[in-house]
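Take a look at the structure set out below.
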Amino acid sequence: MKVVLDTNVLVAGLLNPYHAAGEVVAMASSGALVLCYDARIISEYKEVLTRPKFQFDQNQADDLIQFFQAQGEVAAPEPLKVRLPDADDEMFLEAAIAAQARCLISGNLKHYPAAKCQGVTVVSPADFIELYRKESS
C-alpha cells in the first residue's frame with residue numbers, strides 16, 4: 001500500500017514505538033508499506049531527526065531514511081492549486097497526489113481540510129491502522 005508519512009508521525013513513531021504512530025513507522029520500516037516521497041520530504045525528515053531535543057541515534061536515523069529512499073517511491077509533484085492552512089504541509093499532499101498514494105498519514109488532520117485535499121484520504125495513525133486491517137482482511 002502506497003502512503004505518504006507526515007514528519008510528525010515519523011517522529012511520534014520513533015519516540016513512542018508502542019502507539020499507533022510507532023506501528024505505522026514499523027510497518028514502513030519493514031517494507032509492509034511503500035513510502036512515497038520527494039526531495040523536500042526527505043530533506044525535512046533529515047533535518048527534524050537531527051534535532052538535538054529528540055536525541056535520535058544519527059546512524060539509525062540515516063539508515064531508516066536510506067531504507068525509505070531505497071524501498072519507497074519517488075513522487076514528482078506539482079504545486080497545489082489551493083493553499084493549505086500550513087504551507088509547510090503542502091509538500092506531503094502534493095506527493096500523495098502525484099504518487100496516487102492510498103493515503104497521507106498525519107497527526108495534524110486539521111492542517112488538511114478535506115475540501116482542499118483533491119480526493120486524497122488523510123488519516124491519523126490510529127485510523128490508518130484500522131483502515132489497513134480492514135483492507136488486508
Handout entry: Residue under evaluation Gln100, criteria (1) closer than 23 Å to Tyr45 by Cα; (2) modelled with pLDDT under 95, criterion not met
Key = (2)
Handout entry: Glu73, sole failed condition from (1) of a type in the set (D, E, K, R); (2) closer than 25 Å to Ser136 by Cα; (3) in contact with a Pro (Cβ under 9 Å, 6 or more places away or on another chain)
Key = (3)
Exercise for the section: Can you work out which of the residues in the stretch 1-37 that are among the charged types (D, E, K, R) and within 11 Å of the chain's Cα centre (by Cα) is nearest to Asp88 (Cα to Cα)? Expected result: Asp6
Handout entry: Of all residues making up the stretch 1-31, the number that are farther than 18 Å from Gln66 by Cβ and open to solvent by 40 Å² or more (accessible area, probe 1.4 Å)
Key = 10
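Being more than 10 Å from Arg102 (Cβ to Cβ) and either hydroxyl-bearing (Ser, Thr, Tyr) or in contact (Cβ under 8 Å) with a residue 60 or more places away in the chain (or both) is the filter here; which residues of the stretch 113-137 pass it? Please lay out each step first, then the result.
To start, the set of residues in the stretch 113-137 that are more than 10 Å from Arg102 (Cβ to Cβ) comprises 113-119, 122, 124-127, 129-130, 133-134, 136-137.
Answer for the stretch 113-137, where residues must be more than 10 Å from Arg102 (Cβ to Cβ) and either hydroxyl-bearing (Ser, Thr, Tyr) or in contact (Cβ under 8 Å) with a residue 60 or more places away in the chain (or both): Ser124, Pro125, Ala126, Ile129, Ser136, Ser137.
The values are calculated or read from the model by the stated rules, or taken from the named source; none is laboratory data. Computed from a predicted structure; not experimentally measured. Positions of Cβ are backbone-derived with ideal geometry, glycine not excepted, and every protein chain shown enters the neighbour counts. To get the accessible areas, we keep the full protein, side chains included, count just its heavy atoms, and leave off ligands, DNA and RNA. Shrake-Rupley method; radii C 1.70, N 1.55, O 1.52, S 1.80 Å.
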